[in-house]
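The values are calculated or read from the model by the stated rules, or taken from the named source; none is laboratory data. Here the structure is a predicted model, which is why all the values come from computation and not from measurement. Cβ atoms come from the backbone with ideal geometry, glycine included; neighbour counts cover every protein chain shown. Just so you know, the surface numbers come from the protein's heavy atoms only, side chains and all, with ligands and any DNA or RNA stripped out. Shrake-Rupley method; radii C 1.70, N 1.55, O 1.52, S 1.80 Å.
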Amino acid sequence: MPDRRINIVAGSAYSIVGGIQAVNRMVVRELAASNLLRRAFFLWDDAATATADGLAAQTRKQVNFYAIRRKSFAYDLLRQTLRYPGDLWLCTHVNYASLGYLTSWCRRRRVGVMLHAAELDGAFTLPKRFGLRRVGHVYVVSEFTKKKAVRLGVRPERVTVIYNAVDDPCPDYTPRAARNGNQTVLFVGRMDERYKGQMELLDAMVLLRQRLPDLRLMFIGGGSTLGEWKDEAKRRNLSDVVGFRGRISEAELFRAYEEAMLFAMPSHNEGFGLVYAEAMAHGLPCIGSDRDAASEVIVHGETGYCVPAGNSTALADAISTLVKSPELRARFGQAGRQRFAANFTAGCYHERLIAAMTGWRDSLG
């Protein structure tokens with residue numbers, strides 16, 4: 001068998017915070033660990049702002065950063081495809097699918113694309129549609145995302161689901177007692193993404209204010225619309241019970257998970273929801289919606305609740321039920337931790353990713 005490895009074409013991983021970037025970092029790491037990675041090319045990343053692990057990967061000559069230098073990006077891709085004509089090309093966003101098709105010299109079996117859901121919404125341009133239909137392999141993070149891809153014309157047999165995962169933030173985890181004193185509902189996510197359920201959470205707090213006077217809601221996450229969400233809280237007279245911390249350090253985020261009573265992000269367009277896995281790793285019961293991939297991570301009635309999307313009353317009732325029942329929170333939290341350990345750790349992801357990638361490589365002979 002020829003020395004056939006995988007080259008990655010992507011936007012960013014090491015200079016920008018976000019769920020897709022976190023997945024990109026893990027893909028690079030796990031492919032490199034299995035000697036399947038040839039090189040990864042990140043158009044948007046800048047070495048001046050890259051994380052330490054990104055700079056380490058650059059030093060090992062596993063990644064290239066271009067800081068939007070498109071000519072250098074295109075030149076290096078061309079040089080790579082000429083030097084390794086038998087390699088595979090994995091695009092980590094639909095925006096690069098057409099480019100991947102070209103770098104594989106239009107050999108569709110040698111190009112794949114990873115999809116995360118949100119990028120498949122709205123006006124789907126002709127180049128995106130062309131690229132998505134020309135790639136030989138489509139890898140998605142959930143069944144929810146697969147359905148979106150199929151609606152855009154991708155044949156179901158070309159799609160492989162590879163569920164996301166996170167590094168275990170609590171490797172020494174022990175079952176936690178249900179906290180009764182700190183009645184905090186935690187939300188973690190980008191605040192400029194309006195589909196993540198921020199409005200429903202604020203409306204639910206209005207409904208719960210009389211029932212649960214000690215309840216607090218904490219939003220963690222930055223974004224250009226953070227000020228607008230603070231204004232929304234003020235309009236509802238919730239400033240004293242709703243907090244906004246913006247972007248915080250990993251250590252501060254760890255403490256926020258540990259101190260919270262439950263996690264809630266009733267998004268209606270989540271491709272996977274890494275934060276659900278993070279919360280379950282900390283032993284927190286989770287609340288998502290029934291419209292997106294949350295139900296593929298959260299088991300309704302076992303590790304949390306998936307409430308009707310856009311329904312603040314149902315959301316308020318779910319929060320109230322968990323706040324009032326320490327036994328239920330403890331049971332859901334422990335079941336969530338077990339589900340995380342069995343399905344959403346880095347080790348689990350390694351097995352899923354490497355099985356998919358080696359299957360792709362071996363299918364070419």
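Summed over qualifying helices (DSSP H, 4 residues or more, each -39500 (n - 2.57)) and divided by its residue number, the chain shows a 222 nm mean residue ellipticity of -12500 deg cm²/dmol. Charges were assigned to the Cβ only: +1 to each Lys and Arg, -1 to each Asp and Glu. The resulting dipole of the chain about its Cα centre is roughly 1520 debye.
Sorting Glu270, Glu252 on solvent-accessible area from highest to lowest, probe radius 1.4 Å, gives Glu252, Glu270. Taking amide H as placed 1.01 Å from N in the peptide plane, the amide H of Asn64 sits under 5 Å from that of Ala40, Phe41, Phe42, each at least 5 places away or on another chain.
Here r is the Cβ-Cβ distance between Leu82 and Phe254 and R0 is 45 Å; the resulting FRET efficiency, rounded to 0.05, is 0.45.
So for segment 36-159, what percent of the C-alpha to C-alpha distances run longer than 26 Å?
Numbers: 1911 of 7626 pairs.
Within segment 36-159, distances greater than 26 Å cover 25 percent of Cα pairs.
Solvent exposure of segment 215-279 amounts to 41 Å² per residue of accessible area, where only protein heavy atoms count and the probe is 1.4 Å.
Summing Lys and Arg as +1 and Asp and Glu as -1 over all other residues whose Cβ lies under 15 Å from the Cβ of Cys170 gives a net charge of -3. A Förster radius of 45 Å, combined with the Cβ-Cβ distance separating Asn35 from Glu302, puts the computed FRET efficiency at roughly 0.70.
Per atom type, the chain shows carbon and sulfur on 52% of its accessible surface, probed at 1.4 Å. Largest to smallest in accessible area, the residues Leu202, Leu253 fall in the order Leu253, Leu202 (1.4 Å probe, all protein chains included).
Largest mean-square fluctuation among Ser15, Ser104, Ser239, in a Gaussian network model of the chain whose springs join Cα atoms under 10 Å apart, belongs to Ser239.
Across Lys128, Lys196, Lys71, the residue with the most accessible area heads the list, and the full order at a 1.4 Å probe is Lys71, Lys128, Lys196.
Projected label points at Ala341 and Lys230, each 7 Å from Cα along the beta carbon direction, are separated by 4.1 nanometres. Evaluating 6.51 cos²θ - 1.76 cosθ + 1.60 at θ = phi - 60° for every residue in segment 52-64, the Karplus couplings come out as 4, 5, x, 5, 5, 5, 5, 4, 7, 6, 9, 9, 10 Hz, glycine and proline recorded as x. Principal-axis analysis of the Cα atoms of the chain puts helix 226-235 at an angle of about 20° to the longest axis. Relative contact order for segment 1-158: 20 percent, from Cα pairs under 8 Å spaced at least 6 residues apart, divided by residue count. Angle of helix 346-362 to the longest C-alpha principal axis of the chain, folded into 0 to 90 degrees and rounded to 10: 30°.
Taking label points 7 Å from Cα along the Cα-to-Cβ direction, Leu328 and Asp214 give a separation of 1.8 nm.
Rounded if a/c is under 1.5, else prolate if a/b beats b/c, else oblate: with a ≥ b ≥ c from the C-alpha gyration tensor eigenvalues square-rooted, which is the chain?
In terms of gyration-tensor shape, prolate.
Using every pair of separate Cα atoms, the Kirkwood estimate puts the hydrodynamic radius of segment 250-310 at 11.4 angstrom.
Separation of segment 351-365 from segment 119-197 is 21 Å, based on Cα centroids. Inter-part distance, segment 267-338 to segment 6-64, computed on C-alpha centroids, equals 31 Å.
In order along segment 150-162, the Karplus-derived 3J(HN,Hα) couplings, from 6.51 cos²θ - 1.76 cosθ + 1.60 at θ = phi - 60°, round to 4, 5, 8, x, 7, 5, x, 5, 8, 9, 10, 8, 10 Hz, and Gly and Pro are given as x. Among the listed pairs Lys148/Lys196; Lys71/Lys146; Lys196/Lys234; Lys146/Lys230; Lys146/Lys196; Lys147/Lys196, a Cα-Cα separation exceeding 26 Å is found for Lys71/Lys146; Lys146/Lys230. For the chain, modelled as a GNM whose springs connect Cα atoms under 10 angstrom apart, the maximal fluctuation among Gly86, Gly131, Gly301 occurs at Gly301.
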